[in-house]
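Here's the structure, in structure tokens; my notes come after.
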Amino acid sequence: MFAASDVSALVRYTRQVVHLEDGELAVLTADGFHTFASGGRETAKEPLTVDWDAGHYDTGGYEHYLLKEISEQPESIARTLRGRLDERFHIAHLGGLNMDARETRSFRRVKIIGCGSAYYSGQIGAQLIEELARIPADAEPASEYRYRNPVIDPDTLYVAISQSGETYDTLAAVQEIKRKGGRVIGIVNAVGSAIAREVDGGIYLHAGPEVSVASTKAFTSTAIAFALLALHFGRVHDLSPSDGRRIVEGLRKLPDQIEQILKQGERIAELAKKYADHPSMMFVGRVRGYPVAREGAQKLKEISYVHAEAYPASELKHGPLALIGPDMPTVAIVPDDELLDKNLTTLGEIRARGGRVLMVGHRQPTPSWPTT
């Protein structure tokens, strides 16, 4: 028998795990255990089998965990998608939501809560849900939500996001929503975690354990989970079969596309050296790109301790442009979508003030594009 605060400490010895609830206690002996509530009432707990083993927690030949988990993204996204894409009806199979189509249609709004990278992925999710399902959706930091006595609407579906499933601010927000009668689903990576046990249903990421403090594969897998949720909601509402097919086909291509990006590792390292001596960086993105810019700025701060800010590209001219200059490079998220021309105009404004631009996009820039 072992006691630990995290499954990762146990998997070298056993994959059978019992999770304790708040206020619950356990007595361990050499040949067994029993659990009881703080008042002395015994509780019956059944062990769960965790999917991860000790091999998931070594560096696998990589220099460090962060590099390993970046490299695992094609595989982690494939696991998130596995068994969830329906080629016949072009919908996502999400049985863990514990909702039928009629109940799904009853929700009039979606509220997403999470902390840090989970919050930024929630912003991506809110945009996907609005675009595909035409349901109003927004994201909010769970660390703020739990303190402001929120109004809980019975027509709103609440979505809590956490890689570990143990993020206390998010767990406390979930408990407050449930106390007021709200319906909460979770998007969680760790099976059997506190948030997974608290919510009414949800989506497991199956991304594998994330040891590095800076989230990588869990962030991208969460964004994919939101694409599945938006597809599911959209097809239950008014998303056409042809649009559903397009999204399913696009999701299937993602692991291979990410593999191609990872092959550019040497080129990316050269760019990092080119910009490494700058004391600050600006990250900008428009609409779908803005949450990605926020995540990029956070990653730079967490990993390199370099100051970074993220702004919506459309807001740059309303103040932050004053900071742009030779010593403040800008990382611009420029997808090849209907906003491409507007994004290129923003890059021209940055270059006009002597700013250097590092563009992240779908295709190579042409000589006329204002990038460096």
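The residues of segment 146-167 that are open to solvent by less than 10 Å² (accessible area, probe 1.4 Å) and at negative phi, listed by number, are 150, 156, 157, 158, 159, 160, 161, 162.
Quick check: is even one residue across segment 227-237 under 14 Å from residue 126 (Cα atoms), small (Gly, Ala, Ser) and under 13 Å from the mean Cα position of the chain (by Cα)? Yes; the residues of segment 227-237 include at least one that is under 14 Å from residue 126 (Cα atoms), small (Gly, Ala, Ser) and under 13 Å from the mean Cα position of the chain (by Cα). Pairs meeting the criteria (first residue in segment 335-363 and farther than 23 Å from residue 277 by Cβ, second residue of a type in the set (Ser, Thr, Tyr), beta carbons under 8 Å, at least 6 apart or on different chains) are 342/314; 346/314. Residue count for segment 13-30, restricted to those that are touching a residue at least 12 places away in the same chain (Cβ under 8 Å), farther than 27 Å from residue 174 by Cβ and surrounded by fewer than 11 Cβ atoms within 10 Å (Cβ to Cβ): 2.
Screening residue 132 on (1) of a type in the set (A, V, I, L, M); (2) touching a helix residue (DSSP H, G or I) at 6+ places or on another chain (Cβ under 7 Å); (3) part of a helix (DSSP H, G or I); (4) open to solvent by less than 20 Å² (accessible area, probe 1.4 Å) shows it passes everything except condition (4).
A search for C-beta distances below 7 Å between a residue of segment 127-152 that is of a type in the set (Lys, Arg) and any residue that is part of a helix (DSSP H, G or I) and buried (at least 22 other Cβ atoms within 10 Å of the Cβ), counting only pairs 6+ apart in sequence or on different chains, returns 146/173.
The set of residues in segment 108-124 that are open to solvent by 10 Å² or more (accessible area, probe 1.4 Å), in contact (Cβ under 8 Å) with a residue 60 or more places away in the chain and either hydrophobic (A, V, I, L, M, F, W, C) or not in a helix (DSSP H, G or I) (or both) comprises 116, 118, 124. Residues in segment 1-16 that are out of contact with any Asp or Glu (no Cβ under 7 Å at 6 or more places or on another chain) and either in a loop (DSSP other than H, G, I, E, B) or polar (S, T, N, Q) (or both): 1, 2, 3, 4, 5, 6, 8, 10, 12, 13, 14, 16. Among residues of segment 56-71 that are within 13 Å of residue 208 (Cα to Cα) and in contact (Cβ under 8 Å) with a residue 12 or more places away in the chain, those with a beta-carbon under 8 Å from a residue that is among the basic types (Lys, Arg) and not in a loop (DSSP other than H, G, I, E, B) at least six positions away or on a different chain give the pairs 69/217; 70/217.
Pick from segment 135-145 the residues that are at pLDDT 95 or above and open to solvent by 40 Å² or more (accessible area, probe 1.4 Å): which of them is nearest to residue 116 (Cα to Cα)? Of everything passing the filter in segment 135-145, 138 is nearest to residue 116 (Cα to Cα). Just so you know, in segment 17-59 the residues that are among the hydroxyl-bearing types (Ser, Thr, Tyr) and part of a loop (DSSP other than H, G, I, E, B) include one that is farthest from residue 196 (Cα to Cα), and it is 59.
Test residue 352 against the stated conditions and say whether it is open to solvent by less than 70 Å² (accessible area, probe 1.4 Å), among the hydrophobic types (A, V, I, L, M, F, W, C), more than 23 Å from the chain's Cα centre (by Cα) and more than 30 Å from residue 114 (Cα to Cα). Steps first, answer last, please.
Details: open to solvent by less than 70 Å² (accessible area, probe 1.4 Å): no; among the hydrophobic types (A, V, I, L, M, F, W, C): yes; more than 23 Å from the chain's Cα centre (by Cα): yes; more than 30 Å from residue 114 (Cα to Cα): yes.
No: the conditions fail for residue 352.
Here are some residues: 190, 126, 137. Which one is under 13 Å from the mean Cα position of the chain (by Cα) and of a type in the set (Gly, Ala, Ser)? Full working, then the answer.
Details: 190 fails: under 13 Å from the mean Cα position of the chain (by Cα); 137 fails: under 13 Å from the mean Cα position of the chain (by Cα).
When all the criteria are applied, what remains is 126.
Counting only helices (runs of 4 or more DSSP H) that sit wholly inside segment 155-236, those with at least 3 residues that are in contact with a strand residue (DSSP E or B) (Cβ under 7 Å, 6 or more places away or on another chain) are 168-179, 217-236.
In segment 135-154, what count of residues is obtained for those that are farther than 30 Å from residue 238 by Cβ and in a helix (DSSP H, G or I)?
Taking segment 135-154 first, the residues farther than 30 Å from residue 238 by Cβ are 141-144, 146-149.
Retained after the next criterion (residues that are in a helix (DSSP H, G or I)): 142-144.
Going through segment 135-154 one residue at a time, the tally reaches 3.
The values are calculated or read from the model by the stated rules, or taken from the named source; none is laboratory data. Only a predicted model underlies this, so the values are computations on that prediction, with no experimental measurement involved. Reconstructed Cβ throughout: ideal geometry from the backbone, glycine too, with neighbour counts over all protein chains shown. Heavy atoms of the whole protein, side chains included, go into the accessibility calculation; ligands, DNA and RNA do not. Shrake-Rupley method; radii C 1.70, N 1.55, O 1.52, S 1.80 Å.
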